[in-house]
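The values are calculated or read from the model by the stated rules, or taken from the named source; none is laboratory data. Since the structure is predicted, the reported quantities are computational estimates derived from the model, not experimental observations. Neighbour counts run over all protein chains shown; Cβ positions are idealised from the backbone, glycine included. SASA here: full protein model, heavy atoms, side chains in, ligands and nucleic acids out. Shrake-Rupley method; radii C 1.70, N 1.55, O 1.52, S 1.80 Å.
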Amino acid sequence: MDIETLRARHPDHWMRACAIRTLTLDAVAAANSGHSGMPMGMADVATVLFEKHLNFDPAAPRWPNRDRFILSAGHGSMLIYSLLYLTGYADMTLDQIKNFRQWGAITAGHPEFGHVAGVETTTGPLGQGIANAVGFAMAEENLRARWGAKIVDHHTYVIAGDGCLMEGVSQEAIALAGKQQLSRLIVLWDDNGITIDGKVSIADVTDQKARFAASSWNVLSCDGHDPEDIDRALVAAKASDRPTMIACKTHIALGHAAQDTSKGHGALTDAAQMAAAKAAYGWDHPAFVVPSDIKTAWEAKGARGAKAHAEWKARLEALSAAKQAEFARIFAGEAPAKLASVIRGVKKAAVEAMPKLATRAASEKVLAAVNPVMTETIGGSADLTGSNNTKTADLGVFTPEDRKGRYVYYGIREHGMAAAMNGMALHGGVRPYGGTFMCFTDYARPSMRLSALMGLPVVYVMTHDSIGLGEDGPTHQPVEHLAISRSTPNTVVIRPADLVETAEAWEVALTAKTTPTVLALSRQNLPAVRKAHVNQNLVAKGAYVLEEATGKRQVILIATGSEVEIALKARAALEAEGIGTRVVSMPSMELFAAQDEAYRKRVLPGGPVRVAIEAGVRQGWDRWLLGERGKETKAGFVGMASFGASAPMERLYKEFGITAENTVAVVKSLL
Ligand SMILES: Cc1ncc(C[n+]2csc(CCOP(=O)(O)OP(=O)(O)O)c2C)c(N)n1
Ligand SMILES: [Mg+2]
């Protein structure tokens, strides 16, 4: 259909959709940057979705039972900003639209969670949104099963582009959603045949519909500019018992000289071409002006959700006070009051038994105690359940047959798992944790970064955290991964040394509200290092004095996780020679850095020789060795400077010099 026909057939729809198109053109032109073509191409689809299907209330953007809308093709941010403005979200003012992409404006280049009410997740890295959406849909299924459809009952809609579908993570997401039969998940594919470099066909000939169908999706098509056809497809999608992908045939930059070309992807700022496009639309208004009849019509669509919201609220308020409080608690991300006593119980028992235990096994013990009292946790692993020790007896398994199950078999999909966990955390009401080998944080990394950027309290259970895993060799032995994780802003990395520290680490992770936690856990057994019970969570301090020097303190050994044992042995040897040695356990650099100067100074006073021991690279350690009152001439590091090797663990530690003997030698060379 040409534009004339589209205009003539649905004149009111056309003008509402053109409000999105023209706001996009004007905002991108004002910023002189951005992406015009995608919002112009998908304006009709989005208009039908927001008008007729999406259940939302601009006056209550966080209403828990709203439908979720995810703009996976985040470069088309002006699509969602326009919709939020038009439908009446209070903080999306016209000024914000005029200041698109400017300092201090909420209209960031790509949609960012936490900046804009109505933006459900940060998108821009292509593929993440569609993969987040799988987590949203899983959270909805789980909560609906547990709370009933009166309280939780909604859809997750995604707009994804060719780029999202080309990214590898989309395959993991599609396969997972298909297996889980997430029928409330509806993906609208912007099938415009164009990406930045040109036609999609220069790089891809995939039959996308067949691809989704191969993973057991319901696959539909529509003319992405025909509102009736779009509506028909959405109605059919909602009736399906499987996730649905609707291939929406669209024209990128519809009505502009750049239509159907890769030029249309980016910023269309040529004044004459903009004017011509607006003329073709029949849009005769100054820049940024949406005539009041069109704005009012849009606001009426926005007001549609208030009734559903009010009815939902009445249903929630019909629940017992205790249930309402519990619902509020899980959506606020507050740990249950019982968590602290459960953690204390594990710690006390640990100090009595002093078990020799791998910290991955310690983690399982903690989870076995925590999961029954913290029923919002949803655990999982990327096909390493028995190795990551992430499954506890009470969880059940999340499947199409058992939506109450709280354990997810993610399959060998680290990236998809991490993205889904972000989606679950964003949905709210559940607290996801998931495991893989520490080395494969690389495979999950793009989503781990977004956990941090969005401030989501996702817990990454990363086991086999060093050469200590032994025979699997250097492909599986992380050496740089602690440094990479620590280098990520707003990420807490914790490498506990024994069961007590592991319990404290989980308490930190499960009470975090705006920070993801990476738990680095050992494969190999470790001795208990905490001999006396204290109620205080010492891991939360980041570092603390584990063993004090007897006599004059000449040396401070700082170690994490499995190397605390080595530090204690080295201390014993040094003390035997009359060299007073303190051992500092430093499970988390970030948490220690957050302590006040006075505390840090008590733990790391100036003067003594300092040697850090960690079976990883040195990067990240120099602050604690050279800074914080340390001195280059009195500092040493015992760790890894290369990749590992394949051999039994004892041999590896010896060959790479991560031993008590070598630590003593390094200390002596510095004294
Ligand atoms: C992971 C990732 N790689 C690259 C980019 C840069 N990028 C932004 S949009 C885009 C092309 C996307 O094509 P498509 O999804 O078809 O969007 P359209 O051109 O149709 O708007 C690229 C490569 C990105 N945002 N994220
Ligand atoms: Mg495209």
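Among 305-314, 484-493, what's the highest-first ranking by average C-beta atoms within 10 angstrom per residue?
In descending order of packing, they fall as 484-493, 305-314.
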Within the range 469-492, whose backbone N sits under 16 Å from a point 7 Å along Cα→Cβ of D622?
-> 483-484, 487
Rounded to whole angstrom, the alpha-carbon centroid of the range 246-262 lies from that of the range 319-339 at a distance of 47
Counting only heavy atoms of protein chains, what accessible area per residue, in Å², does the range 1-74 have with a probe of 1.4 Å?
-> 26
Pull out the extension gain between R9 and A271, defined as 0.36 nm times the separation in residues minus the alpha carbon to alpha carbon distance; nm, one decimal.
-> 91.5 nm
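How high is the FRET efficiency between K531 and K601 when r is their beta carbon distance and R₀ equals 25 Å, given to the nearest 0.05?
0.50
Go through 134-140, 273-279, 202-208 and give me the packing order, highest mean Cβ count within 10 Å leading.
Per-residue Cβ counts within 10 Å, averaged per peptide and sorted highest first, yield 134-140, 273-279, 202-208.
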Compute the Cα gyration tensor for the range 508-569, then decide on rounded, prolate or oblate, letting a ≥ b ≥ c be the square roots of its eigenvalues: rounded whenever a/c is under 1.5, prolate when a/b is larger than b/c in the other cases, and oblate in all that remain.
-> prolate
Qualifying lysines (Cα of each under 20 Å from Cα of K98; at least 8 residues distant if same chain) = K278, K295
Determine the per residue accessible area of the range 151-214 with all protein chains present and a 1.4 angstrom probe, expressed in square angstrom.
-> 35
Using 7 Å Cα-to-Cβ label points, what is the K52/D95 separation (nm, one decimal)?
-> 3.7
Please give the length that would be gained between M354 and S487 if that part of the chain were fully extended, namely 0.36 nm times their separation in residues minus their C-alpha to C-alpha distance (nm, one decimal).
-> 44.5 nm
In whole Å, what is the distance between the alpha-carbon centres of the range 478-535 and the range 17-32?
-> 47
Short version: ³J(HN,Hα) in whole Hz for each residue of the range 106-117, in order, from phi by Karplus 6.51 cos²θ - 1.76 cosθ + 1.60 (θ = phi - 60°), x for Gly and Pro, what are they?
-> 7, 7, 5, x, 10, x, 10, 4, x, 8, 10, 4
Length gained if K404 through D204 is fully extended, taking 0.36 nm per residue and subtracting the Cα-Cα distance, is 68.1 nm
Averaged per residue, what accessible area in Å² does the range 521-667 show with a 1.4 Å probe, protein chains only?
-> 41
Along the range 428-444, what does the Karplus equation 6.51 cos²θ - 1.76 cosθ + 1.60 (θ = phi - 60°) give for ³J(HN,Hα), rounded to whole Hz, x for Gly and Pro?
-> x, x, 9, 10, x, 9, x, x, 7, 6, 3, 4, 8, 4, 4, 6, 9
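For an R0 of 41 angstrom, estimate the FRET efficiency from the Cβ-Cβ distance between S221 and A322 and round to the nearest 0.05.
According to the calculation, E is roughly 0.30.
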Separation of the A593 and T550 label points, Cα + 7 Å toward Cβ, nm = 3.7
Restricting attention to the range 34-124, which trypsin sites (Lys or Arg not before Pro) occupy a DSSP loop and are surrounded by at most 15 other Cβ atoms within 10 Å?
-> R62
Quick one: with all protein chains in place, what share of the accessible area of the range 49-141 is carbon or sulfur, to the nearest percent (1.4 Å probe)?
-> 52
Kindly state, to the nearest 0.05, the FRET efficiency for A306 paired with A645, given R0 = 60 Å and r defined as their beta-carbon distance.
-> 0.40
Please work out whether the chain counts as rounded, prolate or oblate from its C-alpha gyration tensor, where a ≥ b ≥ c are the square roots of the eigenvalues and a/c under 1.5 means rounded, while otherwise a/b larger than b/c means prolate and anything else oblate?
-> prolate
Near K307, which lysines are there with a Cα under 20 Å away, not counting those fewer than 8 places off in the same chain?
-> K52, K150
Could you work out the relative contact order of the range 149-266, using alpha carbon pairs under 8 angstrom and six or more residues apart, expressed as a whole percent?
-> 30
Around G411, which amide H atoms from residues at least 5 apart in sequence, or from another chain, sit under 5 Å from its own amide H, with H modelled in the peptide plane?
-> D383
In the range 273-316, what percent of the accessible surface is made up of carbon and sulfur (1.4 Å probe, ligands and nucleic acids excluded)?
-> 61
Quick one: compute the contact order of the chain, relative version, from alpha carbon pairs under 8 angstrom and 6+ residues apart, as a percent.
-> 12
Go through the range 177-190 residue by residue and turn each phi into a ³J(HN,Hα) via Karplus (6.51, -1.76, 1.60, θ = phi - 60°); whole Hz please, and just put x for glycine and proline.
-> 5, x, 4, 7, 6, 7, 5, 8, 9, 10, 9, 9, 8, 7
Rounded if a/c is under 1.5, else prolate if a/b is larger than b/c, else oblate: which is the range 294-343, with a ≥ b ≥ c the root eigenvalues of its Cα gyration tensor?
-> oblate
